[in-house]
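Reading through the structure tokens given below for one structure.
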Amino acid sequence: MPIDDIHELISELEKNGELKRVKTEVDPDLEIAEILRRGMYSNGPAILFENVKGFDMPVLGNAFGSMKRLEIGLEMTDFTEIGKRITDMTKMDIPSGILNKIKKLPELSKMTASFPKSETSGPVTEITSSNATFEGIPILKSWPNDAGKFITLGLVATKHPETGVRNLGVYRIQILDKTHALMHWQKHKRGAHHGELSKEKGEKIPAAIIIGGEPATIFSSIAPVPEGLDKYLFAGITRKEGIKMVKCKTIDLEVPANAEIVFEGYVDPEDIRDEGPFGDHTGYYTPVEPYPTFTLTGIMRRKDPIYVTTVVGKPILEDAYIGKVIERSFLPLIQMLQPEVVDYSMPPAGWFQGFAVISIKKRYPGQAKKVMMGLWGMGQLSLTKMFVVVDDDINVHDINDVIWAITTRADPARDTIIINNTPTDTLDPASPLVNLGSKMGIDATQKTKEEGYNREIQQLVKVDDKTKNLVDAKWSDYGL
Ligand SMILES: Cc1cc2nc3c(=O)[nH]c(=O)nc-3n(C[C@H](O)[C@H](O)[C@H](O)COP(=O)(O)O)c2cc1C
């Protein structure tokens, strides 16, 4: 059975030695964040803070801060499975004859099992209140120069104002007062797009901020799921079981029944205020930028909720592991559109949008550049600043192998492309403008004559079989 909620996740992590409880009193103002950072920088466990100063609610952090914890939470070890399930669906032809229909039934029923399921109540509806306030929730201040308290692992639910397709995105939320906050949905993200469409209609957009839920729902909120695919369905595909949903009380949205807390409200695209500074994924404080306000209209919560949070800063912190799982799970989707791609890696030190290495099975001249252009046109990969494309004999996860390929197979003048005035990640501290900057691509594949390389390709050094076998056979005699 897949893990249904944060309470089940905690007990699974604990059984596997991946969680520690802290009973000493801790302050949500800076202290918890520093403990979580130190924990991540030393490969420590998930931490459940049971005695939070001024609050009667425990705080869970670093819950997804290792590959093992993600394997437990998502109940799989090969994360490419997730992408494969999506690509398999796109390959499923619609059965025509009755015989075909019968043959396809098991596949179809597997798919319907992943659809969200409406319920009339659930754990999150145990307590509901329209007299809502952010007070009483142990929201953290993470860094000394942060503008205040921020919800950092809130899943923001919205609906596309025209198609009705549901979205979930993790966007940080800066608390302004008891009932107001700022919604940091960046320009390129789906939540921001929904907000803009509502603005065009002169409307405010209903939004819910969800704390907790199934680990797969949390993962789905962060994943760059293809446009048009309901993120709850993506979560259901990930866990092979549909997400149970309940209706919000004050807005027209459905949210996971197994969540810990749901803040209901709306975002007013006309009420724009200064957001930040905030100590960010890049390791820098993102400066003040204008973002729209969220107004709280109601709260649903369990009787015993756990506040789930995360802390970001200079990599490598918890988000690095979530990013690795996204990288693995999207490989089959990338390969569906760019079949020559063998593997890719987005090293966490490059905060995911900064740098990626892609290996390809090259068949024709200029193919590395074709792959770069394709990926720069694909979803959130369009925000990646630098791509290095290598041949399939290079291990993209070994930075030394990558540097060897760049320095032996690329000539800077011939093999580097720079494209100016392209969309960049909002957080990029180096881009000349917020959201606009340049891309760099390095073609580190072996060049051919057709690509203007008129020298003989030098032979790779490789030991001969005779010497190899001799040394293999005598290896233990050498006393090494
Ligand atoms: C801990 C964490 C915090 C994040 N904070 C933000 C944020 O404040 N704003 C934002 O636009 N994206 C943020 N993201 C990235 C988005 O969640 C991610 O890009 C997601 O795919 C957005 O989904 P969407 O485009 O479908 O809405 C954050 C990711 C993580 C892991």
Query raised in the report: Do any trypsin sites (Lys or Arg not before Pro) in region 271-375 lie in a loop, going by DSSP, with at most 13 other beta-carbon atoms within 10 Å of their beta carbon, and if so which?
Result: Lys303, Lys361, Arg363
**Report entry** Loop-located trypsin sites (Lys or Arg not before Pro) in region 444-480, at most 15 other Cβ atoms within 10 Å (DSSP)
**Finding:** Arg455, Lys462
Report summary line: The relative contact order of region 338-451, taking Cα pairs under 8 Å that sit 6 or more residues apart, comes to a percentage of 27 percent
Query raised in the report: Which is farthest toward the positive dipole end of the chain among Ile326, Thr87, Leu176, measuring Cα position about the Cα centre, with Cβ charges +1 (Lys, Arg) and -1 (Asp, Glu)?
Result: Thr87
Report summary line: Given a Förster distance of 35 Å, the FRET efficiency implied by the Cβ-Cβ spacing of Thr120 and Glu203, rounded to the nearest 0.05, works out to 0.80
Requested in this report: Using the charge dipole of the chain (Lys, Arg: +1 at Cβ; Asp, Glu: -1 at Cβ; taken about the Cα centre), state which of Val246, Gln367, Val357 has its Cα farthest towards the positive end.
Outcome: Gln367
Requested in this report: With +1 on each Lys and Arg Cβ and -1 on each Asp and Glu Cβ, and nothing else charged, work out how big the dipole of region 338-451 is about its Cα centre, in Debye to the nearest 20.
Outcome: 340 debye
Report task. Place a label point 7 angstrom from the Cα of Gln458 along the Cα-to-Cβ direction, then list the residues of region 371-411 whose backbone nitrogen is under 11 Å away. Result -> 408-409
Report summary line: Taking r as the C-beta separation of Asp392 and Arg38 and R0 as 35 Å, the FRET efficiency to the nearest 0.05 is 0.30
**Report entry** Derived scalar couplings ³J(HN,Hα) [region 464-472; Karplus, 6.51 cos²θ - 1.76 cosθ + 1.60; whole Hz; x for Gly, Pro]
**Finding:** 7, 4, 4, 5, 4, 5, 4, 5, 4
Report summary line: Cross-link reach from Lys91 to lysines, straight Cα distance under 16 Å and at least 8 residues apart if same chain, gives Lys101, Lys103, Lys104, Lys110
Query raised in the report: At what distance in angstrom do the alpha carbon centres of region 272-351 and region 372-449 lie from each other?
Result: 21 Å
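Would you work out the charge dipole size for region 87-308 about its Cα centre, treating the Cβ of every Lys and Arg as +1 and the Cβ of every Asp and Glu as -1, and quote it to the nearest 20 debye? Please report the intermediate quantities before stating the final value.
On the way: 28 positive and 28 negative charges, 166 e Å.
Magnitude of the dipole: close to 800 debye.
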Query raised in the report: Amide H of Lys314: which non-local residues (sequence gap of 5 or more, or other chain) have their own amide H closer than 5 Å, using H built in the peptide plane?
Result: Gly283
Query - Percent of C-alpha pairs per 10 Å bin, region 188-235, short to long - result: 22, 48, 27, 3
Query - 4 °C / 1.567 mPa s Stokes-Einstein diffusion coefficient of region 295-409, Kirkwood radius on C-alpha pairs, µm²/s - result: 81 µm²/s
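Looking at this model, which pairs from Lys159/Lys369; Lys369/Lys466; Lys149/Lys249; Lys178/Lys249 are more than 29 angstrom apart at the alpha-carbon?
Details: Lys159/Lys369 36 Å; Lys369/Lys466 40 Å; Lys149/Lys249 26 Å; Lys178/Lys249 19 Å.
Table pairs above 29 Å Cα-Cα are Lys159/Lys369; Lys369/Lys466.
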Requested in this report: Two decimals is fine: what's Rg over Rh for region 87-308, C-alpha atoms, Kirkwood radius as Rh?
Outcome: 1.02
Report task. Could you work out how far helix 31-41 tilts from the main Cα principal axis of the chain, as a 0 to 90 degree angle to the nearest 10? Result -> 20 degrees
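Counting Lys and Arg as +1 and Asp and Glu as -1, each charge on the Cβ, what is the dipole of the chain about the Cα centre in debye, to the nearest 20? Can you show the working numbers first?
Values: 58 positive and 67 negative charges, 194 e Å.
Roughly 940 debye, rounded to the nearest 20.
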Requested in this report: Can you check how the C-alpha radius of gyration of the chain compares to 2.2 N^0.38 Å, as a plain ratio?
Outcome: 1.06
Requested in this report: Report, to the nearest 10°, how far helix 318-337 tilts away from the longest principal axis of the Cα atoms in the chain, using its own Cα long axis and a range of 0 to 90°.
Outcome: 60 degrees
Report task. List every residue whose amide H lies under 5 Å from the amide H of His184, counting only residues 5 or more places away in sequence or on a different chain, with H placed 1.01 Å from N in the peptide plane. Result -> Arg172, Gln174
Query raised in the report: Each residue of region 150-167 in turn: what ³J(HN,Hα) in whole Hz from Karplus with 6.51, -1.76, 1.60 and θ = phi - 60°, glycine and Pro shown as x?
Result: 10, 7, 10, 10, x, 8, 8, 9, 9, 10, 4, x, 9, 8, x, 5, 7, 10
Query - Residues in region 263-278 that a label on Val288 would reach, taking backbone N under 15 Å of a point 7 Å out along Cα→Cβ - result: 272-278
**Report entry** Antiparallel bridges, percent of DSSP beta bridges restricted to region 87-308 (to nearest 5)
**Finding:** 95 percent
Report task. Work out the charge dipole of the chain with +1 on the Cβ of Lys and Arg and -1 on the Cβ of Asp and Glu about the Cα centre, then indicate which of Met67, Ser431, His397 is farthest towards its positive end. Result -> His397
Report summary line: Phi-derived 3J(HN,Hα) across region 126-143 with the Karplus relation (6.51, -1.76, 1.60, θ = phi - 60°), rounded Hz, x for Gly and Pro, is 4, 10, 10, 8, 9, 8, 8, 8, 6, 5, x, 10, x, 6, 8, 9, 9, 10
Report summary line: Checked against a 25 Å limit on the C-alpha separation, the offending pairs among Lys84/Lys117; Lys231/Lys362; Lys240/Lys385 are Lys231/Lys362; Lys240/Lys385
**Report entry** Extension gain, Thr77 back to Asn469 (0.36 nm per residue minus Cα-Cα distance, nm)
**Finding:** 137.5 nm
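A short reminder: the numbers here are calculations on the coordinates, not readings from a lab. Computed from a predicted model, the values in this text were never measured in an experiment. Ideal geometry is used to build each Cβ from the backbone, glycine not excepted, and the neighbour counts take in all protein chains shown.
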